[in-house]
Amino acid sequence: MTGTNMNTKILALFAVIPVFFACSETSHTNSSSVTDDNGSYAEDSFKSSSSISDRLDIDYRDTLTAGDTMNFYMELATWDTVTIKGKKDSTGKKAKDSTYIEKICHDDIVCLDSTSTTVSLFLGDYPKGTRITVLAATSGMENDTIRIRGEKSGNLRTLMPVYNSQKKDSVYSNYMVPGSGADMLLNSFIAFNDDFYYLDLAADFDSSAHLRIKADVDTGYYNYTGDSAHVSIDLRDTVRGILLIGEAPKKIDIAFKVETGFSVNLSVQGYSINKYELVDTDKNVYSPATDTLDTLLVTNDSAEWTLSLYPSNVVSFLDGPFATFEAATRFRRLNQGEYLANPDSIVYPGDTLTIVRPANDSTKYYLRQDHYVWLADLKKGDSLVVYHEMDGYCKYLECKDTPRASYWLIDAKGDSVGTISSLSHSFKAKKDGPVYLRYLQLNSKALTDSNLTLRTFIQRPGSLDSLKFYNEAKDETYSSKRVNPGDTVMLSDFAFQTVPYKTSYNVKWFVPCEDLTTLGNAAYISQLENCKGEQEISSFYLIAQKDAADKDARLIAQSMADPLMRDTLTINVR
């Protein structure tokens with residue numbers, strides 16, 4: 001083909017393609033409404049955004065700039081006959097006049113032929129997973145529809161159903177209906193292929209027409225489109241997926257790995273997903289009954305997890321052709337006591353270990369609470385009494401749907417060696433080695449104080465050889481103490497020596513019933529008739545009675561660390 005012929009072909013192409021002009025509302029100096037108060041077409045001044053064409057093999061009118069609200073004005077072209085007078089040649093002979101038909105168009109108006117039924121706008125080169133959201137309104141046309149078309153992949157389907165005014169219902173389709181006048185309507189289209197995409201406006205155009213349109217394009221919205229049965233996800237990532245029902249895998253596996261010392265919050269929600277299954281390394285399966293999943297995962301070792309999704313395989317007239325899901329993972333470095341490799345520790349038997357964990361958005365203690373506590377290194381046959389309690393969140397029977405907490409006594413490998421409960425706190429070691437408490441509470445909503453408070457208390461019956469009242473200043477034990485009548489004996493002033501190892505100074509106090517009139521207080525003395533053997537003392541002090549001169553009373557201390565071990569101090573009232 002010669003260069004002249006090529007130019008002729010290109011000129012012919014432009015002769016049959018009406019020139020299309022648009023304006024962005026962001027550059028307007030006038031009103032951007034679709035109609036004026038009289039309902040006539042707005043005549044805003046604008047600057048053309050025409051970009052015809054660096055793709056001459058494709059027939060389109062203009063480029064639609066993503067994110068801008070643009071106005072396109074259209075009119076049917078008029079035609080006129082133009083006569084060109086013949087000129088005289090060098091001999092003086094006049095040539096014949098010639099005529100041609102000329103299309104008459106305003107510079108700022110799109111010319112439409114009477115046969116025009118579609119106007120195409122170029123959107124861009126987009127990857128699969130792109131969501132194209134279109135807001136549009138028209139005037140001066142009927143039976144108008146908007147489609148998004150790929151050069152290779154054809155028309156895209158709408159994410160939302162389209163209302164059919166004749167059938168009085170809504171169906172999912174491959175087109176949207178724009179609004180009328182100033183009322184813009186919205187729908188979204190999903191790209192399942194990498195392609196060049198165009199917006200096609202099809203309509204029966206009146207002599208003048210107007211399109212107001214905005215296209216928001218999110219090229220990273222869906223990062224899964226059903227082209228694989230396996231997806232990997234990092235520990236701070238979101239997989240947002242969409243797939244065509246019947247054309248995607250029957251099961252989708254999303255794999256992720258949890259390292260020791262981290263918790264992972266996994267949340268999943270979806271549409272047209274029949275079932276979720278969460279599978280750990282040991283093939284244990286957790287499958288919620290609801291269409292959402294929100295759980296917190298904690299492991300003793302690095303572990304691999306797989307979330308399996310089973311999409312619907314039947315296209316529903318009401319639910320549409322798509323199945324969608326969003327799976328998000330968020331990780332948090334665990335604090336001491338939240339996993340076995342870094343447990344909390346009991347310092348002394350008989351003391352209460354109190355741990356307060358401030359709650360925040362990442363801890364999600366309402367989903368899961370873990371507590372690991374080193375209790376003791378035991379020999380086979382040693383006994384242990386273990387108490388544990390939680391405050392700040394709902395307990396079993398306190399709030400609806402709160403399950404029971406679980407307690408295990410475990411070894412260094414995490415294997416269970418025994419259990420405790422609210423009714424049974426005792427354990428006898430069957431082998432040598434360290435023993436840990438593991439506490440687990442699931443699905444416990446926060447109370448007014450959302451801080452999580454955990455308390456652990458242990459006793460080791462039979463572990464002490466002796467318990468003695470101890471004078472720390474003189475570094476000696478003693479068995480009697482002299483006080484004056486009327487003196488107040490503060491129980492917190494006493495210290496103790498324990499053998500063979502140091503324990504807590506915490507003790508329970510007792511006074512024989514017959515000694516309460518010598519060493520007691522008004523409350524205990526008034527209840528003497530109900531006293532049997534010994535009176536446990538719950539107050540912080542006792543009083544040497546004024547009328548008890550030259551009398552003795554016994555004050556008994558019982559170790560909280562070893563409840564089998566006691567010592568008696570004789571109080572001489574002189």
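The values are calculated or read from the model by the stated rules, or taken from the named source; none is laboratory data. Remember, predicted model here, so these are calculated numbers, not experimental data. Backbone-built Cβ (ideal geometry, glycine too); neighbour counts: all protein chains shown.
Where in the range 297-389 are there strands (runs of 3 or more DSSP E), lying wholly inside it, with at least 3 residues that are surrounded by 16 or more Cβ atoms within 10 Å (Cβ to Cβ) and among the small types (G, A, S)?
Numbers: elements: 303-311, 322-333, 352-357, 368-378.
The qualifying strands (runs of 3 or more DSSP E) are 322-333.
In the range 547-565, which residues are of a type in the set (A, V, I, L, M, F, W, C) and without any contact (Cβ under 8 Å) to a residue 60 or more places away in the chain? Even if it seems obvious, please write down each step before you answer.
To start, the set of residues in the range 547-565 that are of a type in the set (A, V, I, L, M, F, W, C) comprises 548-549, 553, 555-557, 560-561, 564-565.
Within the range 547-565, A553, I556 qualify.
Please go through the range 301-320 and pick out each residue that is farther than 16 Å from D280 by Cβ and among the charged types (D, E, K, R).
In the first step, residues of the range 301-320 are kept if they are farther than 16 Å from D280 by Cβ; the result is 309-320.
Listed by number, the list holds a single entry, D319.
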*With respect to L293, determine if the residue is modelled with pLDDT under 90, part of a strand (DSSP E or B), of a type in the set (A, V, I, L, M, F, W, C) and under 30 Å from F192 (Cβ atoms).*
yes
_Among the residues of the range 504-536, what is the count of those that are out of contact with any strand residue (DSSP E or B) (no Cβ under 7 Å at 6 or more places or on another chain) and within 17 Å of L564 (Cβ to Cβ)?_
2
*Could you check, for the range 367-387, whether at least one of its residues is free of Cβ contacts under 8 Å to residues at least 40 places away in the same chain and either assigned by TED's automatic domain parsing to the domain that holds R566 or under 32 Å from the mean Cα position of the chain (by Cα) (or both)?*
no
_Can you list residue pairs whose Cβ atoms sit under 9 Å apart, with the first residue in the range 399-428 being touching a residue at least 40 places away in the same chain (Cβ under 8 Å) and closer than 19 Å to N300 by Cα and the second being polar (S, T, N, Q) and surrounded by fewer than 17 Cβ atoms within 10 Å (Cβ to Cβ)? Count only pairs 6 or more apart in sequence or on different chains._
I410/S416; G414/N300
*asked:* For the range 72-122, which positions are loosely packed, with under 10 Cβ neighbours inside 10 Å, hydroxyl-bearing (S, T, Y) and farther than 30 Å from G154 by Cα?
replied: T81, T83, S90, T91, T99, Y100
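In the range 496-540, what count of residues is obtained for those that are in a strand (DSSP E or B) and more than 18 Å from T570 (Cβ to Cβ)? Show your work before the answer.
First pass over the range 496-540, keeping only residues in a strand (DSSP E or B): 496-499, 507-512, 519-520, 534-537.
Still in the running and more than 18 Å from T570 (Cβ to Cβ): 498-499, 508, 536.
So the count comes out to 4.
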*asked:* Can you find a residue that is of a type outside the set (D, E) and within 21 Å of D204 (Cα to Cα) anywhere in the range 86-94?
replied: no
*For the range 240-286, enumerate the residues that are surrounded by fewer than 14 Cβ atoms within 10 Å (Cβ to Cβ) and either within 18 Å of the chain's Cα centre (by Cα) or among the aliphatic types (A, V, I, L, M) (or both).*
V285
